[in-house]
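Visitor: This structure is in structure tokens; I'll ask about it shortly.
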Amino acid sequence: MKKIIKNGLIVTASDTYRGDLLIENGVIASIGQQFDETNCEVIDAKGHYIFPGGIDPHTHLDMPFGGTITKDDFETGTIAAAFGGTTTVIDFCLTNKGEPLKNAIKTWHEKAKSKASIDYSFHLMIGEMTDAVLDELPTVIDEEGITSFKVFMAYKNVLQADDETLFRTLVAAKDLGALVMVHAENGDVIDYLTKQALEQGNTDPIYHALTRPPEIEGEATGRASQFTGLANSQLYVVHVSCAQAVEEIAKARKQGINVWGETCPQYLALDQTYLEKPNFEGAKYVWSPPLREKWHQDALWNALRNGDLQTLGSDQCSFDFEGQKELGRGDFTKIPNGGPMIEDRLTILFSEGVKKGRITLNQFVDITSTRIAKLFGLHPKKGTISVGADADLIIFDPNVERTISVKTHHMAVDYNAFEGMNVTGEPISVLCRGEFVVKDKKYVGKQGYGQYLKRAKYNSTLENERNKQVTI
Ligand SMILES: NC(=O)NCCC(=O)O
Ligand SMILES: [Zn+2]
Ligand SMILES: [Zn+2]
């Protein structure tokens, strides 16, 4: 059945206007006013914003990590994402050194298929660049539509790749039209500092932050950025947490290097003191890079506002406090790294960003959806409200006030990192390809409805054009 969403305020990355949407066959068929309502389901969005569905470019669902498996999988994770206004997730497919890439991709398809309630796609981890890996990459791009590769510069002896692999990946990506993503921290220095801390009997969660100082995130970000310039390639730095990393990205961009930066809600709203919570509760806030001293938040907000950082990912990687985070009692290096963020990504940015005047409404849409769609080859089907685009939409109440809590969230995990935080704004209904996933704050979606998205290659022309973002 056709749908009409009327009386809402439509917000895109560039415009804000009153208009009605006619939805047919899963796409936006027309934008106008006073459509004929015969045989249509009519949704009155008076007093609400209509945003393009959020795209989360950074999730870890059903991922083995730190001796355990993330609590949220593609079932619970995508439902929680939808409640938070996200209609597409791009998850990280982990690979094992020496194994064909296609095996890892098959495993990730099995994890997601028939579980996801919203659309999904994959990035592919490159752990070691060998000739066999190089040979497989064209197939990964052409047949799987995976056009972004992830290199970890940290997690020594687990996920970390060496500089040769990073550089060879950048060179290959340039030729193949892929975007290289990096976890930018210096894993070797972290390894030294953590061993030293344990030797000195410093085992509490706070030492996770103290052994991963911002300087080594800045150093790795600068190294990856300059490699990118040398290779004339393109780079996306995930989960930027500190001023030093922002500075390196800004410097590289001024040099004309194609570097893009993502931050996450946790770095905008929480700080390092959370790791000092008593009774081992600091473990709930252990992820990498770590939470920073509060002053770094200003650098992140400024960068989102002036365009030095362009996107917000959740880095959803949830572990229960009980039974999972507790694995690291007495040794902070054994606390599984990661937090539950998929559901609150848009709300934190709206409440702390738009409502507090740090970013505009249009920047909010760009940062949570449009820019991500463009960078990762999903635009214009995804990431905007225009005729022919998928009807991935959020009907958003900008004025409702509420308190974030584990008691009301939809993630499977036993705590919420933003527990007790008062926020303004909430998605009321969320549609993916024209079908409600959340309607009037209730889940009405279907497991398995989510489709796998093959993505287009990195488009430098599109991105350079978008680079001319308006600064407020
Ligand atoms: N961020 C984190 O601590 N866990 C997920 C893996 C990663 O992104 O580094
Ligand atoms: Zn990471
Ligand atoms: Zn991550």
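The values are calculated or read from the model by the stated rules, or taken from the named source; none is laboratory data. Quick caveat, the model's predicted, so the values are computed rather than measured. All Cβ positions, even for glycine, are placed from backbone atoms using ideal geometry, and neighbour counts span all protein chains on display. What goes into the accessible areas is simple: the full protein's heavy atoms, side chains included, and nothing from ligands, DNA or RNA. Shrake-Rupley method; radii C 1.70, N 1.55, O 1.52, S 1.80 Å.
Visitor: Quick one: which residues, 5 or more positions from ARG292 or on another chain, have an amide H under 5 Å from its amide H? H modelled 1.01 Å from N in the peptide plane, none for Pro or chain starts.
Guide: GLN272
Visitor: Given a Förster radius of 51 Å and the C-beta distance between THR403 and ALA456 as r, what FRET efficiency does 1/(1 + (r/R0)^6) yield to the nearest 0.05? Don't skip to the answer; put the middle values down first.
Guide: Numbers: r = 41 Å, r/R0 = 0.80.
Efficiency computed from Cβ-Cβ geometry: 0.80.
Visitor: I've got another one for you. Using only the alpha-carbon atoms of region 1-96 as identical scatterers, what base-10 log of I(q)/I(0) does the Debye formula give at q = 0.16, 0.20 Å⁻¹?
Guide: -0.78, -0.98
Visitor: For region 227-308, what does the relative contact order come out to in percent, with C-alpha contacts under 8 Å and a separation of six or more? Mind showing how you got there, number by number?
Guide: On the way: 102 pairs, mean separation 28.5, N = 82.
Contact order relative to length: 35 percent.
Visitor: In units of 2.2 N^0.38 Å, what is the alpha-carbon radius of gyration of region 377-444? Please report the intermediate quantities before stating the final value.
Guide: Details: Rg = 14.6 Å, N = 68, 2.2 N^0.38 = 10.9 Å.
Against the empirical 2.2 N^0.38 Å value, I get 1.33 for region 377-444.
Visitor: What's the Cα-based Rg to Rh of region 296-337, Rh via Kirkwood?
Guide: Details: Rg = 15.8 Å, Rh = 12.8 Å.
We get a ratio of 1.24 for region 296-337.
Visitor: Continuing with the same structure: Which cross-chain or sequence-distant (5 or more) residues have an amide H under 5 Å from the amide H of LYS150, H modelled 1.01 Å from N in plane?
Guide: Hits under the 5 Å cutoff: LEU124, MET125, ILE126, MET181.
Visitor: Give me the Kirkwood hydrodynamic radius of the chain, using the inverse of the mean 1/r over all pairs of distinct Cα atoms, in Å to one decimal. Working shown, then result.
Guide: On the way: mean 1/r = 0.0452 Å⁻¹.
Mean inverse Cα-Cα distance, inverted, gives 22.1 Å.
Visitor: Diagonalise the Cα gyration tensor of region 22-156 and give the resulting equivalent ellipsoid semi-axes, square root of 5 times each eigenvalue, largest first, whole Å. The partial results should precede the final answer.
Guide: Details: eigenvalues 276, 62, 31 Å².
Semi-axes, largest first: 37, 18, 13 Å.
Visitor: Next up: Subtracting the Cα-Cα distance from 0.36 nm times the residue separation, let me have the gained length for LYS102 to PHE321 in nm, one decimal.
Guide: Numbers: separation 219, 0.36 × 219 = 78.84 nm, distance 3.37 nm.
So the extension gain works out to 75.5 nm.
Visitor: Given a cut-off of under 8 Å on Cα pairs at least six residues apart, what relative contact order in percent is computed for region 53-380? Mind showing how you got there, number by number?
Guide: Values: 667 pairs, mean separation 62.6, N = 328.
Averaging sequence separation for qualifying contacts and normalising by length gives 19 percent for region 53-380.
Visitor: Something else: Long-range amide H contacts for HIS379: which residues qualify at under 5 Å (H placed 1.01 Å from N, peptide plane, sequence gap of 5 or more or a different chain)?
Guide: Correct list: LYS374.
Visitor: Could you provide, to the nearest whole Å², the per residue accessible area of region 53-380 with probe 1.4 Å? The partial results should precede the final answer.
Guide: Values: 10380 Å² over 328 residues.
Using a 1.4 Å probe on heavy atoms only, each residue of region 53-380 averages 32 Å².
Visitor: Short version: ³J(HN,Hα) in whole Hz for each residue of region 371-377, in order, from phi by Karplus 6.51 cos²θ - 1.76 cosθ + 1.60 (θ = phi - 60°), x for Gly and Pro, what are they?
Guide: 5, 5, 4, 6, 5, 9, x
Visitor: List the pairs from LYS174/LYS355; LYS156/LYS284; LYS254/LYS382 whose alpha-carbon separation is above 32 Å, in the order I gave them.
Guide: On the way: LYS174/LYS355 39 Å; LYS156/LYS284 22 Å; LYS254/LYS382 29 Å.
Violating the 32 Å Cα-Cα cut-off are LYS174/LYS355.
Visitor: A further question on this structure: Tell me, what HN-Hα J-couplings in whole Hz come from the Karplus equation 6.51 cos²θ - 1.76 cosθ + 1.60 at θ = phi - 60° for each residue of region 35-51, using x for Gly and Pro?
Guide: Ordered by residue, 3J(HN,Hα) equals 5, 5, 8, 4, 6, 10, 7, 10, 10, 8, 9, 4, x, 10, 8, 10, 9 Hz.
Visitor: List, in order, the whole-Hz ³J(HN,Hα) value for each residue of region 119-127 obtained from phi through the Karplus relation with A = 6.51, B = -1.76, C = 1.60 and θ = phi - 60°; use x for Gly and Pro.
Guide: 6, 8, 8, 10, 9, 10, 6, 10, x
Visitor: Another question about this same structure. Suppose each label sits 7 Å from its Cα in the direction of the beta carbon; what would the ASN25-GLU164 distance come out to in nanometres?
Guide: 5.3
Visitor: On to the next question. Starting from the 7 Å offset along Cα-to-Cβ, what nm value, one decimal, do you get for the label separation of LYS254 and GLU41?
Guide: Roughly 5.2 nm, to one decimal.
Visitor: Let me ask you something else. At q = 0.12 Å⁻¹, what log₁₀ I(q)/I(0) does a Debye calculation on the Cα points of region 219-346 give, no solvent, two decimals?
Guide: Debye output, listed in q order: -0.49.
Visitor: Here's something else I'd like to know. What percentage of the solvent-accessible surface of region 53-380, computed with a 1.4 Å probe over protein heavy atoms, is contributed by carbon and sulfur atoms?
Guide: On the way: 4930 of 10380 Å².
Here carbon and sulfur together make up 48 percent of the probe-accessible area.
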